[in-house]
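A.B. asks: After the C-alpha cells below, expect a handful of questions from me.
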Amino acid sequence: MKNLVRMRTSLKEEVEAILNDQIKMEFEASNKYLAIASWCDRNGYKNSAHYFFTQATEEHTHMMKIFRFILNLGGTSVTPDVEKQKQEYSSIRECFETALESEIKVTTAISKIVAAARQVNDYATEQLALWFINEQIEEEYNARRALEIIDLMEGESLFAIDQELGSIRESAAQSMTNGTAE
Ligand code: FEO
C-alpha cells in the first residue's frame with residue numbers, strides 16, 4: 001500500500017524528508033523572529049520590532065510555500081512541532097546576531113536541498129530551492145547590514161540607532177537592484 005501511495009508522487013522519499021525538515025526550520029525561524037519582535041517592542045525599539053514582525057510573517061510564508069509544494073506534488077507535508085523560544089535578549093545587537101546566525105543556517109540547509117534534488121534529477125524541487133537561495137541573499141544581507149549600522153553608530157542614542165534600523169529593507173532593496181550588496 002505504501003508503495004502504491006508513493007507512486008502518486010514524483011517526490012522521492014529522501015527529498016520529501018529534507019523538505020519537511022525545512023518546513024520545521026522556517027517555522028522555527030518565524031517563531032524566533034516573533035520572540036525577538038516582542039523583546040524589541042517591550043524595550044522601546046519600535047522600528048526594529050516592526051522589522052522582526054515582518055520577518056516573522058515572511059518566514060511563515062516560506063513555511064507555507066514548501067508545505068503547499070509537497071502537497072501539490074502528492075506528497076505528505078508534516079505540521080512542525082512548536083519549540084520553546086528564547087524570550088529575553090541582552091541587547092539589540094544580540095537580536096540581529098541571532099537573526100544572522102539563523103539566516104546562515106537556513107542558507108546552508110537550502111543549499112543541501114538543492115544538492116539532494118540534483119542527485120535525483122528532481123528539477124521541481126531544485127527550482128523551488130533556488131527561489132529560496134535568492135531570498136536568503138537578501139535576508140542575510142539585512143541582518144548583516146543591521147549589525148554594521150549598530151557598530152557604525154556606536155555612541156549614538158539607542159533611539160537614533162533604532163530609527164536607522166528601520167530603513168534596512170530599503171537599503172537591501174537598493175543593493176539587490178544595483179547588484180552591489182555591500
Ligand atoms: Fe525563510 Fe530566512 O529563512
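A.B. asks: Looking at T107, T98, T125, which one is assigned to a helix (DSSP H, G or I) and in contact with a Lys or Arg (Cβ under 8 Å, 6 or more places away or on another chain)?
C.D. replies: Values: T107 fails: in contact with a Lys or Arg (Cβ under 8 Å, 6 or more places away or on another chain); T125 fails: in contact with a Lys or Arg (Cβ under 8 Å, 6 or more places away or on another chain).
Exactly one residue qualifies, and that residue is T98.
A.B. asks: Continuing with this model, one more query. Test each condition in (1) more than 20 Å from the chain's Cα centre (by Cα); (2) touching a residue at least 60 places away in the same chain (Cβ under 8 Å); (3) over 20 Å from L34 (Cβ atoms) for T125 and report the one that comes out false.
C.D. replies: Status for T125: all satisfied but (1).
A.B. asks: In this structure, does E88 turn out to be free of Cβ contacts under 8 Å to residues at least 12 places away in the same chain, under 23 Å from L147 (Cα atoms) and charged (D, E, K, R)?
C.D. replies: So E88 fails the test.
A.B. asks: Out of segment 60-91, which residues are aliphatic (A, V, I, L, M), under 19 Å from the mean Cα position of the chain (by Cα) and not in a loop (DSSP other than H, G, I, E, B)? Full working, then the answer.
C.D. replies: Residues of segment 60-91 aliphatic (A, V, I, L, M): 63-64, 66, 70-71, 73, 78, 82.
Okay, now just the ones that are also under 19 Å from the mean Cα position of the chain (by Cα), so 63-64, 66, 70, 78, 82.
Selection gives M63, M64, I66, I70.
A.B. asks: Condition first: in contact (Cβ under 8 Å) with a residue 24 or more places away in the chain, of a type in the set (A, V, I, L, M, F, W, C) and more than 12 Å from the ligand (Cβ to nearest atom). Now tell me which residues in segment 5-44 satisfy that.
C.D. replies: The answer is L11, V15, I18, L19, L34, A35, I36, W39, C40.
A.B. asks: Name the residues in segment 35-49 that are within 16 Å of E139 (Cβ to Cβ) and either of a type outside the set (S, T, Y) or not in a helix (DSSP H, G or I) (or both), would you?
C.D. replies: Our first condition is that a residue be within 16 Å of E139 (Cβ to Cβ); within segment 35-49, this holds for 36-37, 48.
Within segment 35-49, I36, A37 meet the criteria.
A.B. asks: Which one is farthest from the ligand (Cβ to nearest atom) among residues in segment 107-123 that are crowded, with 19+ Cβ neighbours inside 10 Å and over 29 Å from I168 (Cα atoms)? Don't jump to the end; show me each part of the working.
C.D. replies: At the first step, the residues of segment 107-123 found to be crowded, with 19+ Cβ neighbours inside 10 Å are 110, 113, 116-117, 122.
Imposing the further condition that a residue be over 29 Å from I168 (Cα atoms) reduces the set to 116-117, 122.
Numbers: A116: 18, A117: 17, D122: 20 Å.
Ranking the candidates gives D122 first.
A.B. asks: Please determine whether any residue of segment 154-164 is buried (at least 19 other Cβ atoms within 10 Å of the Cβ) and either more than 16 Å from the chain's Cα centre (by Cα) or more than 13 Å from the ligand (Cβ to nearest atom) (or both).
C.D. replies: Among the residues of segment 154-164, at least one is buried (at least 19 other Cβ atoms within 10 Å of the Cβ) and either more than 16 Å from the chain's Cα centre (by Cα) or more than 13 Å from the ligand (Cβ to nearest atom) (or both), which makes the answer yes.
A.B. asks: Residues to consider are E101, E126, E135, E83; find the one that is within 23 Å of M64 (Cβ to Cβ), within 16 Å of the ligand (Cβ to nearest atom) and either modelled with pLDDT of 95 or more or surrounded by 13 or more Cβ atoms within 10 Å (Cβ to Cβ) (or both).
C.D. replies: Working: E101 fails: within 23 Å of M64 (Cβ to Cβ); E126 fails: within 16 Å of the ligand (Cβ to nearest atom); E83 fails: either modelled with pLDDT of 95 or more or surrounded by 13 or more Cβ atoms within 10 Å (Cβ to Cβ) (or both).
Exactly one of E101, E126, E135, E83 is within 23 Å of M64 (Cβ to Cβ), within 16 Å of the ligand (Cβ to nearest atom) and either modelled with pLDDT of 95 or more or surrounded by 13 or more Cβ atoms within 10 Å (Cβ to Cβ) (or both), namely E135.
A.B. asks: Hey, among A17, A37, which residue is crowded, with 17+ Cβ neighbours inside 10 Å and among the aliphatic types (A, V, I, L, M)? Lay out the reasoning, then the answer.
C.D. replies: Values: A17 fails: crowded, with 17+ Cβ neighbours inside 10 Å.
Within the list A17, A37, the selection yields A37.
The values are calculated or read from the model by the stated rules, or taken from the named source; none is laboratory data. Bear in mind that the values here come from a model prediction, so they are computed numbers and not experimental data. Quick reminder, even Gly has a Cβ in these numbers, built from the backbone with ideal geometry, and neighbours come from all protein chains shown.
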